[in-house]
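Read the structure below first, then the notes.
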Amino acid sequence: MRVLILGSGGREHALAWAVSQSRLATDVVCAPGSAGIAEDARILPVAVNDPAAVLDLARSERSDLVIVGPEAPLVAGVADRLVAQGIKVFGPSAAAARLEGSKAFAKAFMQRHRVPTPGYQVFTDADEADRYVDQENKPVVVKADGLAAGKGVTVCDGPEAAKRAIQEIMRENRFGDAGERIVVEDCLVGEEASFYAISDGERFTTLPSAQDHKRLLDGDRGENTGGMGAYTPAPVVDAVLERKVIERIVRPTLQGMLSEGHPYVGVLYVGLMVVNGEPFVIEYNVRFGDPETQPILFGLEADPLIWLRDAARGRLAPETRGLRLRQPAVCVVMASDGYPRNYPTGYEIEGIDAANALEGVKVFHAGTSRTDGTWYTAGGRVLGVTARASSIADAKELAYQAAAEIRFKGAVYRSDIGHLAFARGSP
Ligand code: AMP
Ligand code: GLY
């Protein structure tokens, strides 16, 4: 099977690595890819948000399967264009990708299908939104409707903070068109977890749960980032909660999309807030999580390509047990000092080979470049140092041992990835 992967980050490196390990894959290409991804796949510089360019590429590469990493190409209709030409795609149509592409769409959809989610209001007028948050006078979450590179959400402790967010999004147009509409949502207090289902449009199977660490600093303090590390499985998602998530959220979501005429093909990522054992959806994503994909794919027991292929073909064998982990896994993100705001790049990185040489370790590249055999920093999130072992504690220790092998100027990383697992007394 000839596989084309779209994207260039740590998630796509994990996908390219996993696919390259599969005995089903005869050729793996990643566009645009990165210098790090080039270790595991051929890379080609193609603009992946352009459906026509991706179609040309898939044709010239004679791709049997296209796996879409990020959300932007999906929202732009890349999957529709390929599917219309008979090319198999793992990733939803633009209509189905509205679950992530429009938060107002997602909220109304959840209401229609009785999927548990916090209460909310939608606004297209900033003054009305201001009046609403004044009147509510309680913590709320202000969300730009459209895609905002993961930065469109502000958790506000009260009306003053909410009005600042409304100002930025609606009057100062910080996210452009994505902020013409906003969702103001009730703020829930609980524990977050990520849950994934792979769907062929009708049937689905589940992936191991994971927990991301969105805040920059230890103890979940500091700014929100794209994710500073992740681990799998997440003990908060025990068997009872998993049943609730499947029956109250995953099944009605996928059936709802099917009944509305937009069968969902690809991975459905459900961002959960668990309040007193009850799951609520705080976001849908229409793609794999980054960095959760790094530990999930590294820890998985079975070859994930089988499932991605079968989902894209519309012939998924429903795996009632879901895909299992061979071992728990932990990913520690090493970032550039200054991330998620401004940071310098171009610093030499040492020690990647030494880290990779440790048994049970794989270093995924998120933002690096390579010149004359030397690695340099080229992004905010630079590396995802990922380790698997017989327990989360051992995987964590191994990931930090590997991270200690790696040096670059201004390297920052959290020292407590996985702490919520231990807070629950996980082995
Ligand atoms: P997102 O960019 O959608 O991933 O949201 C960023 C973060 O905002 C989430 O990871 C949560 O920590 C927080 N968040 C989003 N919605 C809510 C909510 N309704 N209540 C509390 N926190 C929320
Ligand atoms: N790790 C969060 C996300 O991928 O959206």
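Please treat every number below as a calculation from the coordinates, not as lab data. Note that this is a predicted model, so its numbers are computed, not measured. Don't worry about glycine lacking a Cβ; one is built from the backbone with ideal geometry, like all the others, and counts go over all protein chains shown.
Go through 107/163; 214/396; 151/396 and tell me which ones have a Cα-Cα distance over 23 Å in this structure.
Beyond 23 Å between Cα atoms: 151/396.
Mind listing the long-range amide H neighbours of residue 229? Cut-off is under 5 Å, sequence gap 5 or more, other chains count too, H placed in the peptide plane at 1.01 Å from N.
Counting only residues 5 or more places away or on other chains, the set is 213, 333.
If you take the alpha carbon radius of gyration of region 287-427 and divide it by 2.2 N^0.38 Å, what ratio comes out, to two decimals?
1.16
Could you estimate the translational diffusion coefficient of region 143-256 from the Stokes-Einstein equation, with Rh from the Kirkwood formula over C-alpha pairs, at 25 °C and 0.890 mPa s, in whole µm²/s?
In µm²/s, the coefficient is 149.
From the backbone phi of region 378-391, what are the Karplus-calculated ³J(HN,Hα) couplings (6.51 cos²θ - 1.76 cosθ + 1.60, θ = phi - 60°) in whole Hz, Gly and Pro given as x?
Per-residue couplings from phi come out as 9, x, x, 8, 9, 9, x, 7, 10, 9, 10, 6, 6, 9 Hz.
If eta is 1.306 mPa s and T is 10 °C, what Stokes-Einstein diffusion coefficient results for region 151-208, Kirkwood Rh from Cα pairs, in µm²/s?
Using the Kirkwood radius from Cα pairs, D works out to 111 µm²/s.
Got a sec? How would 81, 215 order by Cβ neighbour count within 10 Å, fewest to most?
Final ranking by Cβ density, sparse to dense: 215, 81.
Roughly speaking, what is the stretch gain from residue 220 to residue 127, that is 0.36 nm per residue apart minus the C-alpha to C-alpha distance, in nm to one decimal?
Stretched fully, the residue 220-residue 127 segment lengthens by 30.2 nm.
Give me the extension gain from residue 172 to residue 47: residue separation times 0.36 nm, minus the current Cα-Cα distance, reported in nm with one decimal.
Values: separation 125, 0.36 × 125 = 45.00 nm, distance 2.90 nm.
Value of the extension gain: 42.1 nm.
Could you go through region 351-368 in sequence order and give the Karplus-derived ³J(HN,Hα) for each residue, using 6.51 cos²θ - 1.76 cosθ + 1.60 with θ = phi - 60°, rounded to whole Hz, and x for Gly and Pro?
Coupling constants for region 351-368: x, 4, 5, 4, 5, 5, 6, 6, 4, x, 10, 9, 9, 8, 8, 9, x, 9 Hz.
Using Cα pairs closer than 8 Å and at least 6 residues apart in sequence, work out the relative contact order for region 1-127, in percent.
Once normalised by length, the contact order is 20 percent.
In what sequence, highest mean first, do 290-296, 133-139, 111-117 appear when ranked by Cβ atoms within 10 angstrom?
290-296, 111-117, 133-139
Based on the mean of other Cβ atoms within 10 Å per residue, sort peptides 17-24, 280-287, 354-361 so the most packed one is first.
280-287, 17-24, 354-361
Rounded, prolate or oblate, given the Cα gyration tensor of region 83-202, with a/c below 1.5 counting as rounded?
Working: a/c = 2.40, a/b = 1.71, b/c = 1.40.
Prolate is the answer for region 83-202, as a/c is 1.5 or above and a/b outweighs b/c.
Applying a 10 Å radius around every beta-carbon, put 165-171, 386-392, 239-245 in order of their mean neighbour count, most first.
386-392, 165-171, 239-245
Can you report the principal axis dimensions of the chain using only the alpha carbons, biggest first, rounded to whole angstrom?
Principal axes ranked by extent give 59, 47, 42 Å for the Cα atoms.
Rounded to the nearest 500, what is the 222 nm mean residue ellipticity of the chain from helices alone, with -39500 (n - 2.57) per DSSP H run of 4+ residues and division by all residues?
-8000 deg cm²/dmol
Got a sec to turn the phi values of region 396-408 into Karplus ³J(HN,Hα) couplings, 6.51 cos²θ - 1.76 cosθ + 1.60 with θ = phi - 60°, whole Hz, x for Gly and Pro?
5, 4, 5, 4, 6, 5, 5, 4, 5, 6, 9, 10, 8
Report, in whole Å, the centroid distance computed from the Cα atoms of region 1-63 and region 375-403.
What the calculation gives is 23 Å, centre to centre.
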